[in-house]
Structure formats: structure tokens, C-alpha cells
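Colleague: Structure below; questions to follow.
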Amino acid sequence: MTEQIPSSESFTIEFNSDVRKLSENDLALAAVCLANSRGGQIYLGVENSGEVTGLHPEHENVTGLAAAISNRTVPSLGVRCVILTVGGKRVARIDVPRSERLVATSDGTLQRRRLLADGSPTCVPFLPHEFVTRESDLRRADYSALPVLGATAEDLDPLERERLRRAIERYHGDRTLLALSDEELDGAMGLCANHDGARVPTVAGILLLGKEAAIREHLPTHEVAFQVLEGEEVRLNEFFRTPLLRLFERLEDLFAARVSEREVQVGLFRVPIPAIDPRAWREAVINALTHRDYTRLGAVHVRLQDDRLVVSNPGGFVEGVRLDNILTVEPIPRNPLLADAFKRVGLAERTGRGVDLIYRGLLGYGRPAPSYSRSSESAVVLEMSCGEADLGFVELVVEEERRLQSPLPIDSLLVLDLLRRERRTEVEEVARTIQKDSRAARAVLEGLVETGLVVAHGVRRGRSYTLGAKVYRRLGQADRFVRQAGFEPLQNEEMIKRFVKEHREVRRRDVMDLCRLTGPQATRVLGRLEEEGVLERRGVGKATHYVSGRKI
């Protein structure tokens, strides 16, 4: 089989040289490393640099390779091996599945995959205290529900339990809990568990109700930092190791003292415009506390900067959550018992869709969508803009929601935000934005067309969408609607011809900016002009450009 191989190693790709015949023990160890992470592929016969040097003759038998790995792993790891021909040399691709159980080599060595600071992958020892994190990520165990051995009921603070009761009333939580005795409350919320006949606090119990001395002794990884930065100056830098409800009340006070709010008139109503939506930052902080990996050292950081709020927590995304599905994946808490406790108190979104509130708290004010792009295998980093709200957009959203008598769906807000930034879009781009398939994207777009918020142009494959006239009027940009809606194919072609005459060449990006077209639309226009002989294509890839043809 002839095939291209990846250009470099990654979290799921491992290269191994076979010039001197890789030992079967080392091969099994490489497979264990991938299996204890996300799985992946081993390319045997490829140097770390990506140079293909080929298989050792004794490894030409793929059945023998698979058997060697199976025989040297516990429990036995089943892999699939195929021989590839790359540049005239033979390479073995070994497909390693992600294991639902911890896998070791036959001599008891466990390893896992991790990324170094420069982004390059490596295999590191899989240490015992990390086992529970792995089990939690696979949803086979809940670290927050484990009893804290060595702790007793005396380590729980009665004042914190009273704070919990007040929080249930304040945040409209599960009021049935208020009628319970202290011991019944602890049991109902999983804050204590029976262990060897004794009542022992769980990890969640220590985090919510524990005395500070108990937290420091039994859960030294728990720490939260609140920082305020003005440019490069640090105005506030506080660290907390307090029970979570007391901590959250303190964070609320710190935010209230530093986050401003103003009101604007929308029709007959006054609408508050906060610098940071309270529901959004609350969900962001609760998510960080709920989903952090409490087996790892490192603080949850809540950082308020000039134009943004950054919330980060130790531990990457839970298994199954990615940047491209964060809006649609089913809620997967790393610490289910702790997450449930926050829901029953009323601090967290009960459906588990707190991320929707974060998006709504930004998009509804005309601010950019939240970004998780700086997240890594070891930390989740959320950035939320605190910039100026788009008042015209706020008024538009408020009026539309009053007309509908319900909040605008998140998908609709995402599409309106996309069009506000990009001016014109197509179904495929919307599908990527809302993280759903093209059918769902088309349904959202056509629904917005019916309301008049969006206008459709063209039919079938060439159909594109812009904001409607009433949206541009509300934004004070009526002229942009005329430009967006008024570009007909002949007008686009004339503008492109004039551009080529003046600049001697044109690129796809020029056409996108000039005619307010999407990338695929610009490609189609340029292709049509090339077929007609108006333009002549030069270069390949990123260097592609067009010059005057014989008919220009």
C-alpha cells in the first residue's frame, strides 16, 4: 500500500526508527503510551525528524508485530498493522486503540502521552495519583465522590454548612434540602460517605464544607487566584484556599467592586449593559472549579485584564470535549458529584449547558464569542471580551426577543454575530460556526430569513446570506446593506476587470474584499472569468493569482 505519512509527530502520532531493529519491549512501551492516552498510530521505520528510513527485515511480518505487542502488554492490547510504501521504502503503520482500562507492559511499566511546552509529544511515566484522573476522564470513577481517608466529620465547618443553606435560598436551589438535618443534608448531597462504619467526608464535602486546615491537609491542590491587571501592572493578586461557597462569595464581591454597568434606553425600557455579564462569569468560574483536575497541583486563575476576563483551570478538556464540538457535545463533568452539588445549590446551570450562558452573555451584547483556543492538554483557558458593547446590536436583540417572547437561540446569535463580522456567509461556514451539520445550518439561516433579520441571495449551491435591511438600519449602517445586496454578477466582474487593469493581477482575497464575497463565491467568480478567457491563472497554492486574459 502506497500512502503519505504525517509530516511530524503529534499527540496521537509516534515515529520510531527501525534501522537497528526496534526491540519488542520498546515497541510495546510505545503502544502502551498511546493506549493510555487517546490512542493513535505508530509509524515504524520513520525517524523522529520525519525521515523515512524503512523497516528492519525482521519486522516485515505484520502479524508478528501485532503478536509481539499483544504478548508484552497487560491486559493484552490488540492493534492493527499494515505495511506502507513511502518513497520506495517500507513502513509499518500500527493502529493503537485508546484503552478503556489502564494498560502496562508485561514488566509492569505504565506510560502516557503528554505535550511539552514547545508542543512536541513525549511519553512520560503514568504515576499512581494520576490513575483516578484517567478513570474520571473515562467516566469510570468520580474523584469528588471518594471518601477522604484520614478525615473525619469534625473536619467539616458548621458555619460552611449554614452558608450552604443560605446559598440554596439565595440562588433558588433545591429547597427540599433545607428541611433535612445536617447529617441528612451531608448524605443527600454526597458530602459524607460511610467508610468502615464511620462517617467520612468526601472530596466534594471537604471542598464545600471543610475547615481551612482540613483543606490544606487533605486537598493541598485546591487553590484559586484572583488577579487584576492594568497593562503590565498588577493591581490585585490574591490566592485562596477556602471552602468553595465562601470563595465564590468573595469572588462576587471582588467582581462587584471592579465591574461597571450602565443602562441604555430601548423603547420604553431601560436595559443594563454590564462590562461582564454576571451569568457568564458565574458559569465560567463554576465550570473551572467543577472541571478542574484536583489531583494536579496548580491554581484556578481568574484574571481581570483591561479588555478581557481570563479563567483557567488545571486539567485539559474532559475526554470527548474538543474545540470543534464544545457547543454541541453532551455535558461531561470531570467531577460529577461536585457538579451536581453546584446545580442543587443553584449556582450552576441545571441542564449542564452552562457554556450556552457564557456564549449568550457575550454575543447578546455584540461582543466577540468566548475563546478556548489557548487551551491545552494540561489546562482549559477561557477568554471573554470586556470591550465596548455594540449598542445597536443590543437593541436589535432586545427588540427581537420581546417580539418572540423568548430568548434568541444560541445558533441565531452565532449566525448574526458571524454576519456582523464577515458581512456575507454560506451554509458551510455557518455549519462550522454552530458546530452542526449543513441541514441544521440551513434551517437556522432560513428561519432568520423569515424574520427579516437575514436576506438570502441566489439559489442552491450559490446561495449566500447577508444581514437584512432592518438590521443594518438598527446598526446605523444602511449603506452597507445596499452594498451587500446590490452586487450582481456583472457588477462583480466589472470591478474585478478594473482592479486587474489598475494592479496587473488579482487574488482571491482581493475579490473577497472588493466584492464582499465569501471564499467559495470568489473562487467561482474567478473560475468563470478564467473559463471565459477574461483572466488567466498563474501560480499554485497560496501563490495563485490572475492576470489579464485574451478577452479582457
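Colleague: Below 13 angstrom from the Cβ of Gln265, what's the summed charge of the other residues (Lys, Arg +1; Asp, Glu -1)?
Modeller: Counting the neighbours of Gln265, the net charge comes to -1.
Colleague: Follow-up. Just to make sure I understand: if all protein chains stay in place, what is the order of Thr63, Thr425, Thr122 by accessible area at 1.4 Å, largest first?
Modeller: The most accessible residue leads, giving Thr63, Thr122, Thr425.
Colleague: Can you give me the distance in nm between label points at Leu236 and Asn61, each placed 7 Å from the Cα along the Cα-to-Cβ direction?
Modeller: Taking the simple label geometry, Leu236 and Asn61 are separated by 7.0 nm.
Colleague: For Ala299, what is the net charge nearby, where nearby means another residue's Cβ is under 13 Å from its Cβ and Lys, Arg count +1, Asp, Glu -1?
Modeller: +1
Colleague: Between Asn71 and Asp513, what length comes free when the chain is fully extended (0.36 nm per residue of separation minus the Cα-Cα distance, one decimal in nm)?
Modeller: 153.1 nm
Colleague: I would also like to ask the following. Let's test the formula: R0 of 51 Å, r as the Cβ-Cβ distance of Gln4 and Glu446. What FRET efficiency results, to the nearest 0.05?
Modeller: For R0 = 51 Å, the calculated efficiency reads 0.80.
Colleague: If you bin the C-alpha pair distances of region 224-349 every 10 Å from 0, what whole percents do you get?
Modeller: The distribution over region 224-349 is 11, 38, 33, 15, 3, 0, given as percents.
Colleague: Something else now. Taking 0.36 nm per residue of separation and subtracting the Cα-Cα distance, what length does fully extending Val19 through Glu217 add?
Modeller: Working it through step by step, the gained length comes to 66.1 nm.
Colleague: Using the 2.2 N^0.38 Å rule of thumb for compact globular proteins, work out how region 289-398 stacks up: its C-alpha Rg over that value, please.
Modeller: Expressed relative to 2.2 N^0.38 Å, the Cα Rg reads 1.13.
Colleague: Also, I was wondering about something else. Treat each spin label as a single point 7 Å out from the Cα along the C-beta direction, and report the Arg353 to Arg166 distance in nm.
Modeller: The two pseudo-label positions are separated by 3.4 nm.
Colleague: So for the pair Arg528, Thr109, with labels modelled 7 Å out along Cα→Cβ, what separation do we get in nm?
Modeller: 6.3 nm
Colleague: Another question, if that's okay. Can you compute the FRET efficiency between Glu388 and Ala469 using 1/(1 + (r/R0)^6), with r the Cβ-Cβ distance and R0 = 30 Å? Round to the nearest 0.05.
Modeller: For Glu388 and Ala469, the calculated efficiency is 0.75.
Colleague: Which value results for Rg/Rh of region 165-224 when Rg is the Cα radius of gyration and Rh the Kirkwood radius based on the inverse mean 1/r?
Modeller: 1.02
Colleague: Which FRET efficiency value, to the nearest 0.05, do you get for Leu297 and Ala141 by plugging their Cβ-Cβ distance into 1/(1 + (r/R0)^6) with R0 = 30 Å?
Modeller: The calculated FRET efficiency here is 0.90.
Colleague: Mind listing the Cα extents of the chain along all three principal axes, in Å, largest one first?
Modeller: Rounded to whole Å, the extents work out to 90, 81, 44 Å.
Colleague: Give, as a single signed number, the net charge of other residues whose beta carbon lies under 14 Å from the beta carbon of Thr53, with Lys and Arg counted +1 and Asp and Glu -1.
Modeller: Net charge around Thr53: +1.
Colleague: Counting alpha carbon pairs within less than 8 Å and at least 6 residues apart, what relative contact order, in whole percent, applies to the chain?
Modeller: Rounded, it is 8 percent for the chain.
Colleague: How much length is gained on full extension from Thr176 to Ile273, taking 0.36 nm per residue of separation minus their Cα-Cα distance?
Modeller: Full extension of this stretch gives 31.4 nm more.
The values are calculated or read from the model by the stated rules, or taken from the named source; none is laboratory data. If you're wondering where the values come from, they're calculated on a predicted model, not measured in any experiment. Cβ sites come from the backbone with ideal geometry, for glycine too, and all protein chains shown count toward neighbours. The accessibility values were calculated without ligands, DNA or RNA, using every heavy atom of the protein model including side chains. Shrake-Rupley method; radii C 1.70, N 1.55, O 1.52, S 1.80 Å.
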